[in-house]
Amino acid sequence: MGFDTASNAAAVRAGISVIQDHPYMIDRFGARMKVTRDTGIEVNLRGPDRAVEIAVSPALDALRPFLESGHTAKVMLILSTGEPRPGQPDGFAAQVDTRLRKRLAHILLEGGGSTAGGHAGGLLAIYHACKSLRDGKAKFCLAGGVDTYLEPETLEWLDENGQLHSDGNIYGFCPGEAAGFILLTTLAVARAYGLRPLLEIVGSSIASEENRIKTETVVLGEGLGAAFRFLFQDAPIDPVDRIICDMNGERYHGNEYGFAVIRNPGRFKDAADFETPADCWGDVGAASGPLFVSLITEAEARGYQPGPLSLIWASSENGIRAATLLGGPRRST
């Protein structure tokens, strides 16, 4: 959608879609697979190296204000990738983490780690970053997710599972690739380092869903509903103004969200008014959550945010449910 946060957010706001035909992969109906692709990366670059190449630039973008401040401090890196699947080597998340740290070797990255968290992975990274900051284990945390579905084996697997969107399968999704990172710290540390906060994390929560997608069970929104409930327990009583989520066209996620809303009455100004950026940038898996944060950051900076409270959420196939409540930036005065 763009090679920086501003252009990406503008394109999503305008409803521009970059879903396109894959250069050579054909689906089971005999048509080119519908995907989104990072056009700045060679199409034949694969595996952990592709994920790292996607991740380096947004990681540096998130770190730039800190680096430009002239201060030095250790930064904890918490990274998530897509869940294990055909097309990924064993230990994919750990390999990406190790190689990304090498590419960012000029920065004092220390601690943290990686997880193959899936769709909710980026928000899971944010959750653990917040906990590390609260527990005093770090002053700064770089939390993010990187994902790519464009391995040929992965695309074929999605097609075989009936998850690939096409004219013959309208309830599938368009696989994509992206990375998103955010730099987190406490308000006190931000002030001490002369950094201007862009948003406040009001709360972050995780939960688990037993009735998972691609099983014979029926989802009733118990996991996502619990994630919302945990989030709202200590949150302001004001209803949520904006909702951004990782719905990608699969019916399961819509059903799940509907039940989760019913389980949390009175918490949304308009629960039906939710945004699904996958319509524009495709399904970007573990990168979803941090990229949602960037959309809200740009809206706050440019004055078109509809209200002070925003909810972002995502659901992984492995059952992880994660949600984050965001508020406008606290002023340093």
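The values are calculated or read from the model by the stated rules, or taken from the named source; none is laboratory data. Computed from a prediction, not measured in an experiment: that's the story for all the values here. Cβ sites come from the backbone with ideal geometry, for glycine too, and all protein chains shown count toward neighbours. Keep in mind that these areas ignore ligands, DNA and RNA; they rest on the heavy atoms of the full protein, side chains included. Shrake-Rupley method; radii C 1.70, N 1.55, O 1.52, S 1.80 Å.
Membrane-span-like helices in the chain, defined purely by DSSP H runs whose alpha carbon atoms cover 24 Å or more axially and whose average Kyte-Doolittle hydropathy reaches 0.0, are 47-68.
Can you tell which of LEU108, LEU231, LEU220 shows the greatest fluctuation in a Gaussian network model of the chain with Cα springs below 10 Å? Answer for the Gaussian network model of the chain: LEU108. For the chain, modelled as a Gaussian network with Cα springs under 10 Å, which listed residue fluctuates most, MET25, MET76, MET33? Comparing MET25, MET76, MET33 in a Gaussian network model of the chain, the most mobile one is MET25. Oblate is the label for region 91-142. Its Cα gyration tensor axes, ordered a ≥ b ≥ c, give a/c of at least 1.5 and b/c at or above a/b.
Per residue, the accessible area of region 175-333 comes to 42 Å², computed with a 1.4 Å probe over protein heavy atoms only. Once you list every other residue whose beta carbon is under 14 Å from the beta carbon of LEU67, what net charge do they have if Lys and Arg are +1 and Asp and Glu are -1? So the environment of LEU67 carries a net charge of 0. Shape class for region 249-317: oblate, because the ratio a/c of the largest to smallest gyration tensor axis (alpha-carbon atoms, square roots of eigenvalues) is 1.5 or more and b/c is at least a/b. With helices as the sole contributors, the chain gives -10500 deg cm²/dmol at 222 nm; each DSSP H run of n ≥ 4 counts as -39500 (n - 2.57), and the sum is divided by every residue. Cross-link partners of LYS74 among lysines, defined as those whose alpha carbon lies under 19 angstrom from its own and excluding same-chain residues fewer than eight positions apart: LYS102, LYS131, LYS137, LYS139. State the antiparallel share, in %, of DSSP beta bridges confined to the chain, rounding to the nearest 5. Restricted to the chain, the bridges split so that about 55 percent are antiparallel. Counting only protein heavy atoms and a probe of 1.4 Å, the accessible surface of the chain is 50% carbon and sulfur. Heavy atoms of the protein chains alone define the surface here; on that basis region 62-168 has 42 Å² accessible area per residue at 1.4 Å probe size. When the Cα positions of GLY144, ILE170, PRO277 are compared along the charge dipole of the chain, GLY144 comes out farthest toward the positive end, with charges on each C-beta of Lys, Arg, Asp and Glu. The overall shape of region 1-74 is oblate: from the C-alpha gyration tensor, with semi-axes ordered a ≥ b ≥ c, the ratio a/c is 1.5 or greater and a/b is no larger than b/c. Of all the options ALA59, ALA188, ALA11, the one that moves most in a Gaussian network model of the chain with Cα springs shorter than 10 angstrom is ALA188.
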